[in-house]
């Protein structure tokens, strides 16, 4: 066989595999858009469900998911970033820090239902927050910590070491150096990681199953100690627990959920690209 | 305070010892990088440090502002004094403010020219705009960069040429008003014309500062250094007036290195 022929075959194989990667995504999106887009209306997005959730909108589920996601980032971002700074900038390489690093890698691989049970045990029962937005957000925050820490550490490590040396050589303290010569240049990476972790939090069902999610609530939650409805759980319920609900409502709910997650991912990509352009070295 | 310092240096005359190193050993892990080094650096002199790779010259330089201790495997024994004060008893921030450093590659921070120069002063608490502008002009003039950049101080520093970037780094170090400036092979990445400009500014700077210049380019040491030290395998082989080192070295190894027989 000629070299050029072999090359052509290799390229075709590689191209085919790439296509296989994106096909499922396109297929899922296609099905959801085809079946769900027609169900999307202002009314659907902004009204309470009615008639045993067969009619009306999904407003409380959207609100609940937004509450959960934003409260979880309030906990996980500062803790995660600070832990990453400690591990990357201060920690000496000893048994303890190696154990911590190992723990973080392993935490990222724990299945989400385990986080749900952990949240139930710690926040709902032991700390007596009850089944509430607070418990759910904390559970999601813990689930997201490894992702945020790993992304932040990578972002910090990608800032050239020479920036630190320059800053220290000018007589700045280590904290000033981190604050002014390292962190600003790591922000794009940190934000990207944070947004991607949020997108994951928005889509997860298992962690909120025991900690916050309600089957149906007639009113919006009034405080963080209330239960809330959430999109992924709502989708699960209307797909499995409620008979005689229109396919279109199910797909429209999925459409909204995927839409939120996708929007966040796109924001992350655009933000990263824009900040990278600004901070070039 | 700055004026006082200048005066006291002048009063004590040229022979004042600025830096003294006694029995300094440096290890990185198990490797001995510097072996019982003893030397003195006079105020307002340029001390050239030459030697092949792994001769310990950079470890010596980075000890003077204690950058070595950032390495986890770093160990040391012996002492180094700045104005007769043990540098290990100073806070590293205080020491590094007094002993500035220029790195081998121009390390400009990804911000504007102005922000680069004022980075140190701003962090040390100077907020007054006029004061900062004055410091910027002064520092940029001292490195002969002012005329080239005075109209575009807000431009990104990474847009400057390599030689300009290195002179910007010098200005940035000058802006925190150090007493000693350490140059770590400052011209290794520069063309001859940029090199000449950097050397010119070094010669001007020694009127006010004490300079230690580590260089791979022996000719550079010959051009600018008052005294030159030759390091080999972590040991100081010889230190003397530059013209003596280059014309009549005491040690055969120094002669061989200078003549390019190894290195």
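What the table below lists for this structure:
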| quantity | calculated |
| --- | --- |
| Residue within the stretch B:116-132 that is at negative phi, surrounded by 15 or more Cβ atoms within 10 Å (Cβ to Cβ), without any contact (Cβ under 8 Å) to a residue 60 or more places away in the chain and away from chain A (no Cβ under 14 Å) present | yes |
| Some residue of the stretch B:79-89 being buried (at least 16 other Cβ atoms within 10 Å of the Cβ), within 14 Å of chain A (Cβ to nearest Cβ) and over 21 Å from residue B:18 (Cα atoms) | no |
| Conditions (1) at pLDDT 90 or above; (2) not in a strand (DSSP E or B): number failed by residue B:18 | (2) |
| Enumeration of residues in the stretch B:52-78 that are more than 16 Å from the chain's Cα centre (by Cα), more than 14 Å from chain A (Cβ to nearest Cβ) and assigned to a loop (DSSP other than H, G, I, E, B) | B:52, B:53, B:54, B:55 |
| Test: residue in the stretch B:186-194 that is at pLDDT below 95, within 14 Å of chain A (Cβ to nearest Cβ), farther than 20 Å from residue A:172 by Cβ and within 12 Å of the chain's Cα centre (by Cα) | yes |
| Matching residues, the stretch A:178-193, being in contact (Cβ under 8 Å) with a residue 60 or more places away in the chain, buried (at least 21 other Cβ atoms within 10 Å of the Cβ) and either within 19 Å of the chain's Cα centre (by Cα) or more than 14 Å from every other protein chain (Cβ to nearest Cβ) (or both) | A:188, A:189, A:190, A:192 |
| Total residues in the stretch B:27-44, condition more than 25 Å from residue B:242 (Cβ to Cβ) and not in a loop (DSSP other than H, G, I, E, B) | 4 |
| Answer residue from the stretch A:236-249, given it is outside any loop (DSSP other than H, G, I, E, B) and touching a residue at least 40 places away in the same chain (Cβ under 8 Å) and is nearest to residue A:46 (Cα to Cα) among those | A:249 |
| So residue A:72, is it touching a residue at least 24 places away in the same chain (Cβ under 8 Å), touching a helix residue (DSSP H, G or I) at 6+ places or on another chain (Cβ under 7 Å) and either loosely packed, with under 14 Cβ neighbours inside 10 Å or closer than 29 Å to residue A:150 by Cα (or both) | yes |
| Only listed residue being away from chain B (no Cβ under 14 Å), out of contact with any strand residue (DSSP E or B) (no Cβ under 8 Å at 6 or more places or on another chain) and under 30 Å from residue A:226 (Cβ atoms), chosen from A:156, A:102, A:134 | A:134 |
| Hey, residue A:275 surrounded by 15 or more Cβ atoms within 10 Å (Cβ to Cβ), within 14 Å of another protein chain (Cβ to nearest Cβ) and within 30 Å of residue A:183 (Cα to Cα) or not | yes |
| Answer residue from the stretch B:240-263, given it is closer than 25 Å to residue B:200 by Cβ and buried (at least 18 other Cβ atoms within 10 Å of the Cβ) and is modelled with the lowest pLDDT among those | B:258 |
| Filter pass, residue A:88 being in contact (Cβ under 8 Å) with a residue 40 or more places away in the chain, within 14 Å of chain B (Cβ to nearest Cβ) and under 29 Å from residue A:71 (Cβ atoms) | yes |
| Evaluation of residue B:177 against (1) crowded, with 19+ Cβ neighbours inside 10 Å; (2) outside any loop (DSSP other than H, G, I, E, B) (one fails), failing number | (2) |
| Given (1) touching a helix residue (DSSP H, G or I) at 6+ places or on another chain (Cβ under 6 Å); (2) crowded, with 17+ Cβ neighbours inside 10 Å; (3) closer than 30 Å to residue A:238 by Cα, index of the condition residue A:113 fails | (2) |
| In the stretch B:182-202, the residues that are touching a helix residue (DSSP H, G or I) at 6+ places or on another chain (Cβ under 6 Å), more than 16 Å from residue B:148 (Cβ to Cβ) and part of a helix (DSSP H, G or I) | B:199, B:202 |
| Members of the stretch B:157-174 that are surrounded by fewer than 17 Cβ atoms within 10 Å (Cβ to Cβ) and either touching a residue at least 40 places away in the same chain (Cβ under 8 Å) or part of a helix (DSSP H, G or I) (or both) | B:158, B:159, B:162 |
| Among residues of the stretch A:160-177, those that are surrounded by fewer than 21 Cβ atoms within 10 Å (Cβ to Cβ) and either closer than 23 Å to residue B:91 by Cβ or more than 10 Å from every other protein chain (Cβ to nearest Cβ) (or both), counted | 9 |
| Residue check for residue B:138: more than 22 Å from the chain's Cα centre (by Cα), assigned to a helix (DSSP H, G or I) and either surrounded by fewer than 19 Cβ atoms within 10 Å (Cβ to Cβ) or within 11 Å of chain A (Cβ to nearest Cβ) (or both) | no |
| Exclusive hit being closer than 25 Å to residue B:98 by Cα, out of contact with any strand residue (DSSP E or B) (no Cβ under 8 Å at 6 or more places or on another chain) and touching a residue at least 60 places away in the same chain (Cβ under 8 Å), set B:188, B:201 | B:188 |
| Contacts under 6 angstrom Cβ, first residue in the stretch A:96-107 being farther than 14 Å from residue A:83 by Cα, partner modelled with pLDDT of 90 or more, 6 or more apart | A:107/A:146 |
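Here is a yes/no grid of residues against (1) within 14 Å of chain B (Cβ to nearest Cβ); (2) modelled with pLDDT of 90 or more:
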{"site": "A:200", "(1), (2)": "no, no"}
{"site": "A:205", "(1), (2)": "no, no"}
{"site": "A:216", "(1), (2)": "no, no"}
{"site": "A:220", "(1), (2)": "no, no"}
{"site": "A:230", "(1), (2)": "no, yes"}
{"site": "A:243", "(1), (2)": "no, no"}
{"site": "A:246", "(1), (2)": "no, no"}
{"site": "A:266", "(1), (2)": "no, yes"}
{"site": "A:279", "(1), (2)": "yes, no"}
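Residue-by-condition table, conditions (1) at pLDDT 90 or above; (2) over 23 Å from residue A:135 (Cβ atoms); (3) within 14 Å of chain B (Cβ to nearest Cβ):
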position	(1), (2), (3)
A:77	yes, no, no
A:84	yes, yes, no
A:94	no, yes, yes
A:108	no, no, no
A:112	yes, no, no
A:115	yes, no, no
A:122	yes, no, no
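The values are calculated or read from the model by the stated rules, or taken from the named source; none is laboratory data. As the structure is a prediction and not an experimental result, all values here were calculated from the model. No Cβ is skipped: glycine too gets one built from the backbone with ideal geometry, and neighbour counts run over all protein chains shown.
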